[in-house]
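The values are calculated or read from the model by the stated rules, or taken from the named source; none is laboratory data. What you are looking at is a predicted structure, and each value in this text was computed from that prediction instead of being measured. With ideal geometry, Cβ positions are generated from the backbone for all residues, glycine too; neighbour counts draw on all protein chains shown.
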Amino acid sequence: MLKAHITSSSGFHTTFIQNVFLPSPLPSCTWHIFLRLPSQLFIDPYELRHYHYFYSFNTSGYSNLESPAFASTVNDSALMLHVLLDGRLNNDIHMQVPLHVRYGQPSYRSYKEPGTISVSIPTPTVFRACTQFDNRQGSVPDTIDDVLHFFPALLNHQSLRLYAHDTGTQRQHMHDIVIPVGNLMVAITAEACTLGLLFIIFIYFVYVAFNMLDTVQSCSKSTRDKTE
């Protein structure tokens, strides 16, 4: 049985936590966890290296951590965890994957309307990959096309067989994460106020310049009168 949740359902940072019971595989098999992330979410590969005692990993998809979710080059990404078992007959696996949120598309709305969108995080696919036939319970994962799409060189071999681990939640969605987005009305108001302030400053400088010019002309005329 797989139990998964996120530590925070709002904000720009959360941690995906999953607990799953995995029987030790045959010598020819290895356990893997596949997680597809929507374009609004990303993982930091450098951060994942801190968890090397629990799993190794591969990532696929757009990797620029600074790009907003609405950039034309941003698409869904994927994470493949290669579970490191310690050789026990039964293994209760506790996994943690830090997730981060990209900035969402700003929208036009009233100032009182909350600026958030909700993004669903799909439940991960747990499966074992075997180089020999495994007659234990299992079937080809429903998400096999996604797995092979993101990691063709890693798993797409004729001698490799994939078996889904029955967790009872493969097709369900996990929690939704609420992402704040900007309000374009605020930007427009700020720009209008800035332009208005610049116009007032410009008028003030023109006024000061004319006063200075008038003062200089008056002083010059007074000097000429005294000279005459």
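Contact map, the stretch 7-28: residues that are outside the structural domain of VAL178 (by TED's automatic domain parsing) and in contact (Cβ under 8 Å) with a residue 40 or more places away in the chain paired with residues that are surrounded by 14 or more Cβ atoms within 10 Å (Cβ to Cβ) and of a type outside the set (Val, Ile, Thr), Cβ distance under 7 Å, separation 6+ or inter-chain. No pairs are found. Out of PHE16, PHE42, one residue alone is touching a His at 6+ places or on another chain (Cβ under 6 Å), at pLDDT 80 or above and either within 29 Å of ILE117 (Cβ to Cβ) or among the polar types (S, T, N, Q) (or both). It is PHE42.
Output the number of residues of the stretch 180-216 satisfying the condition of being among the acidic types (Asp, Glu) and under 30 Å from GLN40 (Cα atoms).
Pass one, the stretch 180-216, residues among the acidic types (Asp, Glu): 191, 214.
Going one step further and asking which of them are under 30 Å from GLN40 (Cα atoms), we end up with 191.
Number of matching residues: 1.
Those residues that are touching a residue at least 60 places away in the same chain (Cβ under 8 Å), of a type outside the set (A, V, I, L, M, F, W, C) and either out of contact with any strand residue (DSSP E or B) (no Cβ under 8 Å at 6 or more places or on another chain) or not in a loop (DSSP other than H, G, I, E, B) (or both), I need them from the stretch 36-46; list them, please.
Residue satisfying the conditions is ARG36 alone.
Cβ separations smaller than 9 Å between residues 6+ apart or across chains give the following pairs from the stretch 180-192 residues that are within 22 Å of VAL119 (Cβ to Cβ) to residues that are among the acidic types (Asp, Glu): ASN183/GLU113.
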